[in-house]
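Shown next, in structure tokens, is the structure this report addresses.
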Amino acid sequence: MSSSSPLPGFFNRALRALTCAIALSASALDASEPPSSGASAPPQTTVSKVACPTPPPPPRGMSPTPNSFAGAECYKGSDINGAQFYVALPGKWNNSYESLVIYAPGGPGPTSAGSHSIEADALAGLFGSFLPHRVAVAVTAYSRQGWAVGTNAQDIDNLRVLFTRNFGRPAHTILFGSSYAGGVVAKALERYADDLDGTPNYDGALVHSGIMAGVANYFGYW
């Protein structure tokens, strides 16, 4: 191959994949990251009942459903690491036979320690997708921003533990994450899929993330 020949596409893709892998590895090596095994068990925190957000408007051409949040109960709090969370329960939700979705936000945002505040109205669309179907929703704002996959995975599992302590163990617990949160969900399942006694902590996951389809493919869209 002559010196003027372009670098083959394969090496370009490999270089892009390596760049992303280094970024992910840097997160994993962060000194604040939690242990890689075992179930998290944060101490009890105060959970306050708050007003639920206003239901989102219906899609164009559809009739409004003003009572889609009727009877719902909403709560806010923070875990031992300072991660703020928000919980929404359908009216008369029964944990013995009804389910929970734990939502991991995308990102990552600018690197910083500390949690972001959660604005309830920004979650109205998310709640509108699940509450009418009698599925509870829990959302974390993370205790650390930026590339902190391992720390954010622990935030997710802390939220699961806190939810169970306050509202009971759901019949099913599903993780849901998009974009950056696809990696967070994958790490949470890798570390916390089972409790210390072998009991499954999660029943499934919904991941909408290009990066989880393969870093080479992901950067190929840029």
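The values are calculated or read from the model by the stated rules, or taken from the named source; none is laboratory data. Since this is a predicted model, take the numbers as computed values, not measurements. Don't worry about glycine lacking a Cβ; one is built from the backbone with ideal geometry, like all the others, and counts go over all protein chains shown.
Against the numbered list (1) closer than 18 Å to ALA148 by Cα; (2) at pLDDT 90 or above; (3) within 13 Å of the chain's Cα centre (by Cα), THR173 comes up short only at (1). Residue count for the range 160-196 under the criterion of being in contact (Cβ under 8 Å) with a residue 40 or more places away in the chain and either among the aliphatic types (A, V, I, L, M) or touching a Lys or Arg at 6+ places or on another chain (Cβ under 6 Å) (or both): the result is 10.
In the set (1) in a helix (DSSP H, G or I); (2) crowded, with 19+ Cβ neighbours inside 10 Å; (3) modelled with pLDDT under 85, the condition left unmet by ARG191 is number (3).
For the range 71-122, a tally of residues being touching a helix residue (DSSP H, G or I) at 6+ places or on another chain (Cβ under 8 Å), at pLDDT below 80 and over 15 Å from THR151 (Cβ atoms) returns 1. Quick check on ILE211: is it hydrophobic (A, V, I, L, M, F, W, C) and modelled with pLDDT of 90 or more? The answer is no for ILE211.
For (1) surrounded by 19 or more Cβ atoms within 10 Å (Cβ to Cβ); (2) not in a helix (DSSP H, G or I), each residue gets a yes or a no:
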| site | (1), (2) |
| --- | --- |
| LEU126 | yes, no |
| SER129 | no, no |
| PRO132 | no, no |
| ALA138 | yes, yes |
| GLN154 | yes, no |
| ASN158 | yes, no |
| LEU162 | yes, no |
| PRO170 | yes, yes |
| ILE174 | no, yes |
